[in-house]
Amino acid sequence: MPLFLKLLRLVFIGIFGISVAVGIIAVGAFLYFSPGLPSVSTLKDVELQVPLKVFSRDGKLIAVYGEKRRQPLQIKDYPQPVIQAFLAAEDDRFYQHPGVDYQGLIRAAIEVLRTGEKRQGGSTITMQLARNFFLGNERTYVRKLREIFLALQIEHELSKDEILELYLNKIYLGNRAYGVGAAADVYYGLSVDELSVSQVAMIAGLPKAPSRFNPIINPGRALVRRNYVLGRMRQLRFIDDETYRNSVEAEVTASRHYPKVEVDAPYIGEMARAFIVDTFGKTEAYNKGYRVYTTIDTRLQQAARQALVKGLRDYDKRHGYRGVESRVENISTETGDIDTAVLDEVLSESIEVGGLIPGVVTSVSKDNIQVYIGADRRVGIALKSVDWARPYLNENAVGEVPSDFSKMFAIGDVIRVATEDSKQWSLAQVPEVSGALISVDPQNGGILALVGGFDYYYSKFNRAVQARRQPGSSFKPFIYSAALDSGYTPASIINDAPVVFEDVALEDTWRPQNYSGKFFGPTRLRVALFKSRNMVSIRLLNDMGRRHAMQHVTKFGFDRERLPYDLTLALGSGAVTPLELAKGYTVFANGGYLIEPYLIERIESDKGEVLFSADALLVCETDCQQMQQQISKETIPSKEVTAANTESSPLSSGPRFASRVLDKENAYQMVSMMQDVIRRGTGTKAKALGRNDLAGKTGTTNKQHDAWFSGFNGDVVATIWVGFDQDRPLGKREVGGTAALPIWMDYMRAALDGKPENTLQAPEGIVTMRIDPKTGLLVDQDSNQGIQETFREQYIPTTSVELDNNFTFQQQGGDPAELIEIPEQLF
């Protein structure tokens, strides 16, 4: 017995000594490493890297920007099976240990002694969190010790639920997915509460090796890992036997899911992204989780895109088929079958553009062709569906209607196809012509819809805000408004006759013409505008003076530096963007106020805090003080964002009311005259919309290089531009009323659906009088003679004329050309 007690004592002393030594070593290691350990208190205020998201006004997702996909959730929002799966896979004693699982460490140590290798093992969830936030992934004993000490500190600073929440939101799970919320979306397109048990187990198996166990690229290995996690869940009694069997038998259904974009508005997304990057810097913009809400109306944006795509395709069809995109040789196997693997590789290099799908012709007969469009899919196209595909000759001519497919195509030709009205497949081609649509709320400047081209991913150039083009006749309303401002009336007579301008400096002459090549003699201003008479506009500008006209048109927000100081200004020879032209038209639509178009409605943090709220330039005529007080209560401006705003930016606006730049009478008369453009002039197609509150103006530049239509009512302004990026003719018949107006109509049909009519009411100071349509002078106001016209009281004609009851008004012929010398350089 004494010997036994002596041995027991020695064992006890040995164990005690070893424990003391281990303790001393541990304390010494802690004292040695602690000065270099980061402060874990930062975890309490940690900001996870969350991507930038852009939304429409009604909260629909437009775009996501950022390298990491993350959807942080609170621990209470994670379903119990998700938590149980991760505990089973990574740390089943998480809620029992103090941050370090000594049993796991002992197992890892035994493994080192047994194999002689340093392997990853024994890491708790807390230790993984320490490694992810503060340490690298190198496998060294020093890093492991630092990890242990950090884990102990973390457990001292944070609760278990706080640690688990950070872990589930931080852990990398492959495919740029950080956190379980993002992984559920990336792999299954679901939220965490929609996942099945088998899907939960699949995600829970990823932290160990996100690449090796990736269910998309390594489904076999992922399946083995998933089933291991399911087995652990059953072993820990998190699931019963039946759930285990059903989950193990479930197929691997993971696939790559991209953010669910709900609004097709990539040009808008890019504008918002660029603004946030310029304001906050690239790192902060892509990682702070900013949520940017724009002024875009989802329904109108969809209508705008559909209208522009259809309009550009319609133009393209009018000018015939330009031929196949390319040709693929040797597409058959040795047995004579089509080698779909070769075709898939060829098609992978072509993207879908504007809904037009690339395909390869695999068989040809006189009346039909078969087209392979990838993924073992084939479609047929009938000859009767391609009457439009006459051979393109030039912008003014096409060939004969196709009568035999074998003369058009051969096996291996790469072409485009599309479904027409989701019913049948048809031949298609990507339009060479470009276009843009911009729509603005005239009461506050909010951009309702914007499309900068046929397809953003085909051409990222945003023509709505970047393309500076000549506006042509769509600029005439601003010249006519200047004339009204200088004392002219809609009844003023200007001679529509040939004129030759001689430029003394250049020893050259300019002989402008009307589009029709005809001249119509003395013409009232109203008629000249809705008929778009060039000669009248030029003479009008010459008569009123260029200085007055320039001062007036710049009130609409146009850049003086991009407007010519000569008579070509009357024909719209300056350079404007579609957005700038739309902005000018809002002044007419809202009764004379200059608003500032803006895109960003508000910016929120990832926690929902409002960082910036736009204080738009509002149109206000009455009760402005009350409106100001209401806005002040609802607006939280951000100094940082506001400081970055400029009046020239389409993304922002200042916190003030819009200034009146045009008197009510002028605005009313101009709207009245532009309503006649639709009722009786170059825009009569728009009468098909069945509304009486629409006004606008067509625009066509020299040799039909550009086609425009800008139109509005009191609620919506929309400007359409159609043209080639390379600035070449559209074709002789492709004027604003043909190429641009139908797009405007399709958009406005949707934009104004269900809305009551809204137009300017005649202000005080406007009177309606009967006039002689030939002279513009008054007639007997108590008779039914002549026609009605609006006047400002101070500009009512002072003379009258007596009409012959048999009078018929004609405007034909014209005087001989009049020579006017221009002492300054004209061009």
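The values are calculated or read from the model by the stated rules, or taken from the named source; none is laboratory data. Being a predicted model, the structure only gives us computed values, none of them experimental. As a convention, Cβ positions derive from the backbone with ideal geometry for all residues, glycine included, and neighbour counts pool all protein chains shown. Just so you know, the surface numbers come from the protein's heavy atoms only, side chains and all, with ligands and any DNA or RNA stripped out. Shrake-Rupley method; radii C 1.70, N 1.55, O 1.52, S 1.80 Å.
Once a ≥ b ≥ c are taken as the square roots of the eigenvalues of the Cα gyration tensor of the stretch 725-771, is the result rounded (a/c under 1.5), prolate (a/b larger than b/c) or oblate (a/b not larger than b/c)? Since a/c reaches 1.5 but b/c is at least a/b, the shape of the stretch 725-771 is classed as oblate.
Multiplying the residue separation of GLN96 and ASP77 by 0.36 nm and subtracting their alpha-carbon distance yields 4.6 nm. Counted by Cβ distance under 11 Å from MET674, the other residues give a net charge of +3, where Lys and Arg count +1 and Asp and Glu count -1. With the highest mean first, a sort of the peptides 446-458, 181-193, 390-402 on other beta-carbon atoms found within 10 angstrom per residue produces 446-458, 181-193, 390-402.
Along its principal axes, the stretch 226-370 has C-alpha extents of 70, 59, 29 angstrom, given from the largest down. Could you work out what % of the accessible surface of the stretch 373-419 is carbon and sulfur, using a 1.4 angstrom probe and leaving DNA, RNA and ligands out of the count? Answer for the stretch 373-419 is 49 percent, counting heavy atoms of protein chains only. Partners of LYS774 within straight-line reach, counting lysines whose Cα lies under 26 Å from its Cα and excluding those fewer than 8 residues away in the same chain: LYS476, LYS518, LYS531, LYS697.
Each label point is 7 Å from the Cα along the Cα-to-Cβ direction; what then is the distance between the points at PHE724 and GLN424, in nm? Simple spin-label model gives 3.3 nm for this pair.
Using the average count of surrounding beta-carbon atoms within 10 Å as a protection proxy, the listed peptides 684-692, 261-269, 709-717 rank, highest first, as 709-717, 261-269, 684-692.
With the cut-off at under 17 Å, measuring from each backbone N in the stretch 435-465 to a point 7 Å along the Cα-to-Cβ line of ASP278 picks out 447, 461-465.
Taking a straight Cα-Cα cut-off under 24 Å and skipping sequence neighbours fewer than 8 places away in the same chain, the lysines within cross-link reach of LYS317 are LYS366, LYS384, LYS407, LYS423, LYS460, LYS685, LYS703, LYS732.
When you count the other C-beta atoms within 10 angstrom of each residue and take the mean per peptide, 766-775, 580-589, 341-350 line up highest first as 580-589, 766-775, 341-350. For the pair GLN761 and ASP339 in one chain, pulling the backbone fully straight at 0.36 nm per residue adds 145.1 nm over the alpha carbon distance.
Apply the a/c threshold of 1.5 to the C-alpha gyration tensor of the stretch 216-293 and tell me whether it is rounded, prolate or oblate.
Since a/c reaches 1.5 and a/b is larger than b/c, the shape of the stretch 216-293 is classed as prolate.
Mind checking the full-extension length gain between GLN513 and ALA397? Use 0.36 nm per residue of separation minus the Cα-Cα distance, one decimal, nm. Walk me through the numbers on the way to the answer.
Working: separation 116, 0.36 × 116 = 41.76 nm, distance 2.40 nm.
Full extension of this stretch gives 39.4 nm more.
For the stretch 141-274, carbon and sulfur atoms together expose 49% of the accessible surface, with a 1.4 angstrom probe and every protein chain in place. Computed from label points 7 Å out along Cα-Cβ, the spacing between ARG212 and SER191 is 3.5 nm. Assuming R0 = 35 Å, can you tell me the calculated FRET efficiency for the pair TYR565 and ASP387, based on Cβ-Cβ distance, to the nearest 0.05? For TYR565 and ASP387, the calculated efficiency is 0.10. Report the net charge of residues surrounding ASN758, where surrounding means a beta-carbon distance below 10 angstrom and charges are Lys +1, Arg +1, Asp -1, Glu -1. My count for the surroundings of ASN758 gives -1.
Distance between the 7 Å Cα→Cβ label points at LYS310 and ILE796: 4.7 nm.
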